[in-house]
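To keep things clear, I will list the structure first and then write my remarks on it.
Any read-out appearing in this document is the output of simple, stated calculations on the displayed coordinates, not a laboratory observation. From a predicted model like this one, the values you see are computed outputs, not experimental measurements. Note: ideal-geometry Cβ built from the backbone for every residue, glycine included; neighbour counts use all protein chains shown.
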Amino acid sequence: PTIHQTNPFPSQLDPTTVSVGNPGLSPSVVNKISLRLSIKQGLFSIEPYYHFSDNYISQTGRLRSDSLFEYTYDNIGHYGETGIRANFNVHFGKRFMWQNSLRVYHSKMAHNGNENSFYDWFADSQLIFAGLKNNGVVVLDYHRAMGRNINALGYSRNNNDFWLLLVQQPFLKNRLTAMVGYVLPVNWGVNYVQGDYVRVNGYEKYTHTDINLLKNILIVRISYRFSKGKVIKPEKHLKPQNEHRGKGVF
């Protein structure tokens, strides 16, 4: 457990909720089983997996008599996640490449007689054009990471989804590299709302944060390498052995 999870001093999160750690937490062990199958030298791979634990540390909570909701942490009875990871790459001629990764999973958690479970998925897809001069590339990237992360009370959703158009071009014999990225204002297949959902006996709460400000963001990065570096080859100097050793007792 972390210091935050074991800190016994309460902290006020907002007018209706407080958080307090649990110094009695035990170390958590998550068992992971998976089998990876790959063909075409890694162009396609699939990996079913199963993660489980009987002492998983999760956020829990209760509604207090003063109407405040108190978050804390406990070693819950059961946590399990079953899923499949898949990766595949497709080449279109010598200049185009399509790289994809997908993870589909089912998470399940049980605590104090309550069970929480759901299906969700993550994905990343990149269409790459490598036909610019000096190894420059153009990339169209679809990133879907706003999947739900399970806990004993519900779930949290706190990552980012986006469509990104990126151009990267080296100059000056690869010493200078310029990268320009633009987050496209596209809504298809993405979620611009982060949030948390909590449901426990007598209490239900949903919080969300709108992150539409990600749209139309322009990213510029310039890097310059001042030196190519030096390659140092170690040299071994072997001293010739003296054939005429001095006389001694031994």
In the Gaussian network model of the chain, springs joining C-alpha atoms below 10 Å, which of Q169, Q41, Q59 carries the largest mean-square fluctuation? Q41
Highest GNM mean-square fluctuation, the chain, Cα pairs closer than 10 Å: which of S227, S117, S45? S227
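Given a Förster radius of 51 Å and the C-beta distance between L132 and T82 as r, what FRET efficiency does 1/(1 + (r/R0)^6) yield to the nearest 0.05?
Working: r = 43 Å, r/R0 = 0.84.
Using R0 = 51 Å, I get an efficiency of 0.75.
If neighbour count is taken as other Cβ atoms inside 10 Å, put M97, M109 in order from fewest to most. Mind dumping the intermediate values first?
Numbers: M97 17, M109 24.
Fewest-to-most Cβ neighbours within 10 Å comes out as M97, M109.
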Just rank H78, H143, fewest to most, by other beta-carbon atoms within 10 angstrom. H78, H143
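Dipole magnitude of the chain about its Cα centre, charges +1 at Lys/Arg Cβ and -1 at Asp/Glu Cβ only, in debye to the nearest 20? Each step should come with its number before you reach the end.
Working: 28 positive and 17 negative charges, 435 e Å.
I would put it at about 2080 debye.
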Output the relative contact order of the chain, whole-number percent, from Cα pairs under 8 angstrom with separation of 6+ residues. 11 percent
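Among E204, E47, E81, which comes first, then next, by fewest other beta-carbon atoms within 10 Å?
Values: E204 11, E47 15, E81 18.
Listed from fewest to most nearby Cβ atoms, that is E204, E47, E81.
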Which entry in (1) 24; (2) 49; (3) 36 is this structure's computed percent of Cα pairs over 32 Å apart? (2)
Can you tell me the relative contact order of segment 160-221? Whole percent, Cα pairs under 8 Å, sequence separation 6 or more. 35 percent
Say the dipole of segment 1-144 comes from +1 at the beta carbon of Lys and Arg and -1 at that of Asp and Glu; which of L25, A123, H111 then lies farthest toward its positive end? A123
